[in-house]
Every structure is written in C-alpha cells, then in structure tokens.
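Peer 1: Pasting a structure below so you can have a look.
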C-alpha cells in the first residue's frame, strides 16, 4: 500500500538523519540523566516512592519536549516541509512517519532512563514499563502535531512547551497512577484511551496544520 | 443575514440576558430558601455552576465553528471560533474565581486540589491561554485560522479526557475529594432558580459574543476601507 | 452580615465587576472605532474634492 510505504520512507529518513548527525538523541539521553541527578539533590531524604515516580514522569515529559522541539527544525530550515506537503502523499503520512521517529527516540531514551532510575532511586515494575510504552505513543502523537504547529509560528521553541504541557497532563496522571497505585489496570486502560482519542484526532487533523 | 435583522436579534438577545439574569439573581437572593446543610453560602451555586456550564458551552461552540472552518474553508468562521474561545476563557476565569470564593467559605482555603471542577478549569484555562499565545505568534491568514481551529478541536477532546484523568488522580494524589453537596437532590425552587440563572448566563455569553464579533467585524471592514482609500 | 453572606455576595459582585470591566473596555474600543471612522470619512472627503 502506497500509504504505508510513504510512512516507512519518512520514518526511515528521520532515523537515518539522526544516525548521521547524532545531535538529538545524545542530547536527550544526557538530559534525562542529568535531570534524574538533579532530582536526587532536589528531593529531601525521606521521599516517598510516589514522589520519586512522579519526578521520573516529569523527567520523561521534558525529555520528550526536548526531542520534539527538534522534530521539525530540519524541515523548516531547509523548506523540506513545503516539499513534503507538495508531494503526492497523504499529509497524515507525514505525521505518522514523524511520529514513529519520535517514538523511536523516546524508547531509546527510556532504555537508558529506566535502568538509571532503577539504579538511583527504586525498582522499576512491569506496570511502569507498560505505562511508559503507552505514554510514548500518546506523547508522540500529540507532540508531533503540536511541533508542526509551533514550527509554523514565529515563537517556535517557546511555543511548544505551552501547547504541549496542558494537553499531556492526563498522560502524567495515567503514568504515575499505573506505577504506584494498587489498581494499575485502570490507569493503563486510561492511557490507552488517551492514545486512541488523540492519535485519531492528530492523524485526522494534521493535514490542516501543514496546509493553508 | 441582513445587518438590520442581525442588529434586532442582538438587541433581543441582550434584553433577554438582562431580564433573565436579573430575575435569576433576585430569585437566588430573595426567593430560594437557605440550603439545609450549607446555609447561605450555598447560593454561590446559582452563579458558579451556570458560569461553568456556559464556559463549556462557549468552548463547544468554538469547536463547532472550528469544524465549520476546516470543512468549508470560509474565513469568517475563524473570527467566530476565536471570539467563542475568548468568551469561554472569560467565563472560565469567572468559574475559577467564584469557585475559589466558594472553596474559601466552605473549607477555609482559596484553593483546594481536591475540588475536581476547580482543577479541571485550571487545566482548561492553561490550554486555552496557550490558544491565544498560538494566535499571537502566527501571522494572520488562513494558516493561523487552520491552526487555531485544530487547537480548538483538541480542546473539546481534552475536556472529557481531563475530567476522567482528574477523577483517577483523586485516588492517588488527594484521597479527600472536596465537592459541594448539590446536584443530587435539588428541590423544585432550587432547580427553578438554577435554570433561570443558567439561561441568564447563556444569554449573557451570547450577547457578549455577539457584541465582540460585531466589533471585530467592524474593525476588519474599517481596515479594508482604509486600504481602499489610501 | 455573617461571614457566609459576605462571601456569597462577594462571588456575585465579582461577576458583576468583570462584566462591568468588559463594558468599560468596550467603551474604549468604540471610541477608537469612532475615531477611525472620522479619519476615513475625512480621507474620503479629500478624495472626492481632489
């Protein structure tokens, strides 16, 4: 199918670019590690597990922001986005391809972040891993669309956090809930709901974000 | 729609708003009896909840206009959607303020994270405040209209999702949920007063929306005139 | 007036205040619009004379 061929091509392009330039991913890895260390110094001695988990999610959120800010920079600077939009592919394929790239970056960052968290703070349960995986989808779906919006504005990097943070508050609730509560299933289901609603909405409306 | 017909509608709307709101306020202060448990302070309910519902209605209206814009590409819907969001934010701020006063008099604090409605409106306020930041940082035109419309649509999707999230969050972060003991058993007089105030707030929002929209339209036409004459 | 009455009335007054504030801001806007119309009328007059 042409559509998925386009998506694969776009995703592969982003990953190859990153492989060659190696600027975004190392920054994300270093950022999440530094943040975790800062949190150690910021927290008092007898901090509860809930608070530490909460801070892990905050770290993940801001690492995602870091990656997303860069998501459309290359496109914008070399007017690639105009070219992509003119290409005879469904514009939502751009969103999907870019989104898959973002998920890949997030997963790679978490492969480092979660063991680091287990080392510095406390054990990482399976619920946390599943929650992180589900959250990645939601964050990437919403973040890719908002990054495209911010790229079209004058404020760019300043605007993305403002747009992103209110929209992903439910993800934080779902993620922290799944990690610490006695009934993780409810929170994981909620994350799934968030992913479904916002992925569909983003997929359907991306076309309007990149065209006039 | 001809201008004169539109003007008559606007006057009718404003008049209805004035009558309904005055009647509702009078009912809330003079007619309705004190609530058995909460006492006099419960009367804040007759303004606070209608204002909250009106805010939701404004955001819903904005999303409808946004959908129309994306569907038909007619630029006038952009102005209408933007104005509706503006009204929604004004009523949202009023919800937060009246809710805060009610929290202060009921539980002693100006802010309680345990109040689901307050927290929901805080999240929505942040979201729609970012809407204005988005508009200010994009040059006027069809692109800005599209971005605003998509964002407005995300907003209405966020309302139920956030509500659910805050409900779930209550279990972990705040086991004590603060909620006012209304809504379940409203007496006939309470319900009537509530309805009148609700109708009043909705028509007030409609009136302000109409006025604001007319002002913006006149602004745009004056700009066109200026360009034609210079 | 009891404390509860004070707070309840304050809530109603805040709403009134915000609506009145809106009215004031709108008055400013109308003044500006009137000024612009006057300017444009003058421009049109000048155009017609020329």
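The values are calculated or read from the model by the stated rules, or taken from the named source; none is laboratory data. The model shown is predicted, which means the values in this text are computed figures rather than measured ones. Neighbour counts run over all protein chains shown; Cβ positions are idealised from the backbone, glycine included.
Peer 1: Looking only at helices (runs of 4 or more DSSP H) that lie completely in the stretch B:73-192, which have at least 2 residues being within 24 Å of residue A:193 (Cα to Cα)?
Peer 2: B:116-136, B:142-172
Peer 1: Right, something else. Residue A:209 - would you say it is within 9 Å of chain B (Cβ to nearest Cβ) and crowded, with 24+ Cβ neighbours inside 10 Å?
Peer 2: Against the criterion (within 9 Å of chain B (Cβ to nearest Cβ) and crowded, with 24+ Cβ neighbours inside 10 Å), residue A:209 qualifies.
Peer 1: Using the structure shown, decide if residue B:23 is in contact (Cβ under 8 Å) with a residue 12 or more places away in the chain, over 14 Å from residue B:205 (Cβ atoms) and in a helix (DSSP H, G or I).
Peer 2: yes
Peer 1: Something else now. Can you find, within the stretch B:1-32, the residue that is farthest from residue B:210 (Cα to Cα) among those that are touching a helix residue (DSSP H, G or I) at 6+ places or on another chain (Cβ under 7 Å) and at pLDDT below 85?
Peer 2: Out of the qualifying residues, it is B:32.
Peer 1: If you check B:109, B:86, B:180, which single one turns out to be more than 20 Å from the chain's Cα centre (by Cα), within 14 Å of chain C (Cβ to nearest Cβ) and touching a residue at least 60 places away in the same chain (Cβ under 8 Å)?
Peer 2: Every option except B:180 fails the conditions.
Residue-wise test of (1) modelled with pLDDT of 90 or more; (2) farther than 19 Å from residue B:103 by Cα; (3) touching a helix residue (DSSP H, G or I) at 6+ places or on another chain (Cβ under 8 Å).
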{"residue": "C:3", "(1), (2), (3)": "no, no, yes"}
{"residue": "C:9", "(1), (2), (3)": "no, no, no"}
{"residue": "C:14", "(1), (2), (3)": "yes, no, yes"}
{"residue": "C:18", "(1), (2), (3)": "yes, yes, yes"}
{"residue": "C:24", "(1), (2), (3)": "yes, yes, no"}
{"residue": "C:32", "(1), (2), (3)": "yes, yes, no"}
{"residue": "C:38", "(1), (2), (3)": "yes, yes, no"}
{"residue": "C:47", "(1), (2), (3)": "no, yes, yes"}
{"residue": "C:50", "(1), (2), (3)": "no, yes, no"}
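Peer 1: Any idea which of A:138, A:122 is assigned to a loop (DSSP other than H, G, I, E, B) and more than 14 Å from residue A:67 (Cβ to Cβ)?
Peer 2: Unique residue meeting the criteria: A:122.
Peer 1: Would you point out the residue of the stretch A:20-53, among those that are within 14 Å of chain B (Cβ to nearest Cβ) and part of a helix (DSSP H, G or I), that is surrounded by the most Cβ atoms within 10 Å (Cβ to Cβ)?
Peer 2: A:53
Peer 1: Separate question: Could you tell me which residue of the stretch A:83-119 is nearest to residue A:205 (Cα to Cα), considering only residues that are at pLDDT below 85 and in a helix (DSSP H, G or I)?
Peer 2: A:91
Peer 1: Shifting gears a bit: Scan the stretch B:45-63 and tell me whether some residue there is under 13 Å from residue B:145 (Cβ atoms), away from chain C (no Cβ under 12 Å) and within 18 Å of the chain's Cα centre (by Cα).
Peer 2: Yes, some residue in the stretch B:45-63 is under 13 Å from residue B:145 (Cβ atoms), away from chain C (no Cβ under 12 Å) and within 18 Å of the chain's Cα centre (by Cα).
Peer 1: Report whether or not residue A:146 is touching a helix residue (DSSP H, G or I) at 6+ places or on another chain (Cβ under 7 Å), closer than 14 Å to residue A:67 by Cα and touching a residue at least 24 places away in the same chain (Cβ under 8 Å).
Peer 2: Considered against the rule, which asks whether it is touching a helix residue (DSSP H, G or I) at 6+ places or on another chain (Cβ under 7 Å), closer than 14 Å to residue A:67 by Cα and touching a residue at least 24 places away in the same chain (Cβ under 8 Å), residue A:146 comes out as yes.
Peer 1: Please enumerate the residues belonging to the stretch A:164-182 that are part of a helix (DSSP H, G or I), within 7 Å of chain B (Cβ to nearest Cβ) and surrounded by fewer than 24 Cβ atoms within 10 Å (Cβ to Cβ).
Peer 2: Scanning the stretch A:164-182 gives A:166, A:169, A:180.
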